[in-house]
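The values are calculated or read from the model by the stated rules, or taken from the named source; none is laboratory data. Just so we're clear, the structure is a prediction, and the values are computed from it rather than from any experiment. Here the Cβ positions follow ideal geometry from the backbone for every residue, glycine too, while neighbour counts run over all protein chains shown. When the accessible area is computed, the model is the full protein with side chains, heavy atoms only, and any ligands, DNA or RNA have been set aside. Shrake-Rupley method; radii C 1.70, N 1.55, O 1.52, S 1.80 Å.
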Amino acid sequence: MTLKLIIGNKNYSSWSMRPWMAMKAAGIAFEEILVPLDAPDFKARVGAHSLAGKVPVLLDGEAAVWESIAIIEHLAERFPDARIWPQEPVARAFARSLATQMHGGFAALRSALPMNLWRPVEARAIPEAATRDVAAITAAWRDARAAHGAGGDFLFGAFGGVDAMYAPVASRIRTYAVPVDPVSAAYVEAVHAHPAFVEWKEAGLKETGVLPEDEIDWPVVKRV
């Protein structure tokens, strides 16, 4: 039975990007259903499958799974050979903790710097709380890379669920030219070079729908 993933606009929907990238990177086949975030029937279409009424939603037969971290955990359980989490128990615990911290935290960063893939790279002053979020995130990245990243360019070597959770953060760091340390800068570049990220971004750049709340330069809409 084909999995179905309901997502929002690729240019803006960071939460949709996370499980989409996880599935693409793991080679898990699925049907994509894109519901624009400003569609008049958005709540009705998404709410039919999610009590939260938000994207993303994974439809797996009779099961509906919403919230990005829950979807990634569901996929890890359904497809153990995909190795969405690290195999080594200590690394796996660390990766899950970092992914869940991303899901529930760093609100200041997410609010100050919305994901916007078509905005040209341009520095923007950010609040102190968002700067603290960046410092905490990049410190965690350095710790993961130092302890478990020897096998590749991502936090735990190979690309996995935790990297899918942080991919939108990597996007924000580049878009708003946020200064970071060399280890974190290399990680940001690795995320941007991943084929799943490239595919998602290319599709996002072709979209036309504009969401003023995610355009930090509004009423100007800057596009590459």
Single unsatisfied condition, Phe159 versus (1) open to solvent by less than 30 Å² (accessible area, probe 1.4 Å); (2) more than 25 Å from Arg124 (Cβ to Cβ); (3) in contact with a helix residue (DSSP H, G or I) (Cβ under 7 Å, 6 or more places away or on another chain): (1)
Residue satisfying condition, being buried (at least 22 other Cβ atoms within 10 Å of the Cβ) and among the aliphatic types (A, V, I, L, M), within set Ile84, Ile28: Ile84
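Return yes or no: is Pro168 closer than 20 Å to Lys222 by Cβ and at pLDDT 95 or above? Give the derivation first.
Details: closer than 20 Å to Lys222 by Cβ: yes; at pLDDT 95 or above: yes.
Yes, satisfied.
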Quick check, is Ala170 within 18 Å of Phe94 (Cβ to Cβ), open to solvent by less than 50 Å² (accessible area, probe 1.4 Å), free of Cβ contacts under 8 Å to residues at least 40 places away in the same chain and among the hydrophobic types (A, V, I, L, M, F, W, C)? no
Which pairs have Cβ atoms under 6 Å, sit 6 or more apart or on different chains, and link a residue in the range 25-43 that is closer than 21 Å to His74 by Cα to one that is small (Gly, Ala, Ser)? Ala25/Ala196; Ala26/Ala82
Does Lys54 meet the test of being crowded, with 17+ Cβ neighbours inside 10 Å and out of contact with any Leu (no Cβ under 9 Å at 6 or more places or on another chain)? yes
When you scan the range 173-193, how many residues do you find that are touching a strand residue (DSSP E or B) at 6+ places or on another chain (Cβ under 8 Å) and either open to solvent by 10 Å² or more (accessible area, probe 1.4 Å) or not in a helix (DSSP H, G or I) (or both)? 1
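Scan Leu51, Leu58, Leu34 and give me the residue that is farther than 25 Å from Tyr176 by Cβ and modelled with pLDDT under 95.
Sole residue among the options that is farther than 25 Å from Tyr176 by Cβ and modelled with pLDDT under 95: Leu51.
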